[in-house]
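Quick one: structure below, then a few questions.
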Amino acid sequence: ADGDAPAFETDVYTAYLLIFDNNGNRVYFASVDENNGSWSQKVTMTNLTSGTACFIANVPQTFAEGIATITDLNSAVLTLTYATYSEAGGYLGVPKLSVNGEYKLCLPMFGSTQISNMTHNQTLSIPVKRLFAKISVELKLDMNLSGLQSTIQTLTNYELSYFNLHNLHNKVRLVANPNSESSWKDGSANPATFQSASIDAKIYNSTSS
């Protein structure tokens, strides 16, 4: 996230740790709480020296609990609910998650790592990535006129009344499939469409954006 990024790009409200054995069966599940800015979990298990561990963040607990095997994980699809323009503070396409009956703005995240030769008191790090990409748009007017035309240049402006975002998909896979594109890739299946509030901004030459 950018240095001045809104909080919802990094906030974590729910986090779940899942561990699978080499047969692809889930052998551990826990809801993980934040501890001094770190999301970590102490796990005590026997007879598990290798497998797969993953973190899933900012998803409903029922969704995470429903993943019982590696096959489930690789095919898991999260249904998204989006905040309105006003709820998201002037941003479009921001997911929201119900936490204890209250909606929170946040991005779903996922990360997994292979476990090999697990030993006593070993620390395992699982990097997570957001399942969303961010698009920032800057509008600038640059007429680059000179002489008598400079007066025209100073008075001319581009007026932005509002903007729309179309065909935003309402679901996302946890694990990308390199051999198959999702059927909703173009947003045509149950697409989400959003419109900003009235902006009515006038963008003058070069000096404003």
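The values are calculated or read from the model by the stated rules, or taken from the named source; none is laboratory data. The structure displayed is predicted, hence computed values, not measured ones. We place every Cβ from the backbone using ideal geometry, glycine too, and count neighbours over all the protein chains shown. To get the accessible areas, we keep the full protein, side chains included, count just its heavy atoms, and leave off ligands, DNA and RNA. Shrake-Rupley method; radii C 1.70, N 1.55, O 1.52, S 1.80 Å.
Can you find, within region 1-31, the residue that is farthest from S136 (Cα to Cα) among those that are open to solvent by less than 30 Å² (accessible area, probe 1.4 Å) and over 19 Å from the mean Cα position of the chain (by Cα)?
Selected residue: G24.
Within region 32-43, take every residue that is open to solvent by less than 70 Å² (accessible area, probe 1.4 Å) and at pLDDT 85 or above and give me the one that is farthest from the chain's Cα centre (by Cα). Don't jump to the end; show me each part of the working.
Pass one, region 32-43, residues open to solvent by less than 70 Å² (accessible area, probe 1.4 Å): 32, 37-38, 40, 43.
In the following step, the residues that additionally are at pLDDT 85 or above were identified as 32, 43.
Working: V32: 19, V43: 27 Å.
The residue in question is V43.
Got a number for residues in region 159-184 being open to solvent by 50 Å² or more (accessible area, probe 1.4 Å), among the aliphatic types (A, V, I, L, M) and within 24 Å of Y91 (Cα to Cα)?
1
Then there's this: Can you tell me which residue within region 44-59, out of those that are farther than 26 Å from L80 by Cβ and open to solvent by less than 50 Å² (accessible area, probe 1.4 Å), is modelled with the highest pLDDT?
Applying the first criterion (farther than 26 Å from L80 by Cβ) to region 44-59 yields 44-51.
With the extra rule that they be open to solvent by less than 50 Å² (accessible area, probe 1.4 Å), the set shrinks to 48, 50-51.
Details: L48: 80, S50: 86, G51: 90.
Looking at residues that are farther than 26 Å from L80 by Cβ and open to solvent by less than 50 Å² (accessible area, probe 1.4 Å), I get G51.
Consider only pairs whose beta carbons are under 7 Å apart and that are at least six residues apart or on different chains; among these, list those whose first residue lies in region 35-63 and is part of a loop (DSSP other than H, G, I, E, B) and whose second residue is among the aromatic types (F, W, Y) and surrounded by 11 or more Cβ atoms within 10 Å (Cβ to Cβ).
The qualifying pairs are V43/Y28; M45/Y28; N58/Y13.
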